Amino acid sequence: MSTQTRDKNEALIFDIAIVGAGLAGSLSAHLLSESGYKVCVIEKGRGSGGRASSKKIADDISCDLGTPFIYAHQPESKEILEKLVKENIAAPWKQCSKPEAQAFVGVPKMSVITRHWLNQSTFITETRVHHIEQVHSDNNQPTWLLRDDKYQKVVHAKKIIITAPAPQAAMILATHADLAVLLLRANQASKTYQSQWAMWLEASSSDLNALIEFDQGPIARMIKDNHKPMRKGDDVDRWVIQADTKWTSEHLDADKKQITQALLQAFSEHTEQRAIKHGEPHRWLLGRFEQNKGNQPFAWSPEHNVGLAGDWLFQGDAEGAILSAFFLTNAIKDSR
């Protein structure tokens, strides 16, 4: 993976530009780079991971504040994740596995997976793609020009894959009139997103299950992050608290102190424990999506060389993001 500044890249033409460095974008980059495509990935944040990113707590300690693990129900995703296990990038988490699906985590944190998948691509960070337009290169072949939110040139590319959440994908697609079909798909999915508050806390070590789910109340589920393979902190339980999405919508713009107090109180009521230490709650504004069903678990416009991949196109979960990227990249490679 090479990280370069925009002024070094704006004259370059990539085979494929990918918007978003979460699971779908990073895996797309990995699979296409392995097939010989020249790929760049453009990410609005400072690093990779998206909702599978990791929160640093101390110099050698972090936790997965977003996607806590990936369930592999399908043979394609299981093969992809088992390959990561062989490469010491991921590990099965037996405590959260179930008969119909094995749970996998990145080691020593989830964001390692996306960084690994990006190692053959040019990675451009802190750049928000806002506008796309078609231009013609010196040999009169149409290419895409991607611009940022200041209308500055980012890169040229023959093909574009957008793996951002549906509302962000829709904003990009709306800048080009010929992409109305893809825009409709993104707009439909944008109606289904759900926000979610999340925070981490530490409590005394206990024999409580590593994964606890609730049907009502402020908390949807609690995950013992330090019980994952290759995590530190055996002397305490480091919990990640994921709030209920309905409760989050009712408290979406509440002060973070109020959110903190409510989640700490709910934690104590459920566990009969008090938090020893805790972090500030994080609001995943585009945290969850319902599956936006179509004929394929991805969207691809061969006449325009623009595609979409992400969890919102298939299953609405982390495995869905992986499978969406897998099937889209196969379609691109098959049409080569």
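The numbers here are math on the coordinates, done by the rules we state, and not lab data. Source: prediction; values computed, not measured. Every residue, glycine among them, receives a Cβ derived from its backbone with ideal geometry; neighbour counts consider all protein chains shown.
General remarks:
- Checking the cross-link pairs K86/K228; K38/K224; K191/K228 against a 28 Å limit on the alpha carbon distance flags K38/K224; K191/K228 as lying beyond it.
- Compared with the dominant principal axis of the Cα atoms in the chain, helix 318-334 is inclined by about 20°.
- Across the cross-link table entries K109/K159; K56/K246; K150/K333; K55/K78; K94/K232; K56/K277, which are compared at the Cα atoms, the separations over 22 Å belong to K109/K159; K56/K246; K150/K333; K55/K78.
- Eligible aspartates and glutamates near K153 by straight Cα distance, threshold 18 Å, same-chain separation 8 or greater: D7, E10, D15, E43, E126, E133, D138
- Alpha carbon centroid spacing (whole Å) that separates region 270-319 from region 172-216: 4 Å
- The chain - share of DSSP beta bridges that are antiparallel (%, nearest 5): 70 percent
- Helix axis angle, 180-190 relative to the chain longest principal axis, alpha carbon, degrees: 10 degrees
- Net charge in the neighbourhood of A203 (other residues with Cβ under 9 Å of its Cβ; Lys, Arg +1, Asp, Glu -1) is +1.
- Between helix 75-86 and the chain: long-axis angle, C-alpha atoms, 0 to 90°, nearest 10: 70 degrees
- DSSP-assigned coil residues among GluC sites (Glu not before Pro) in region 188-285, each with at most 15 further Cβ atoms within 10 Å: E272
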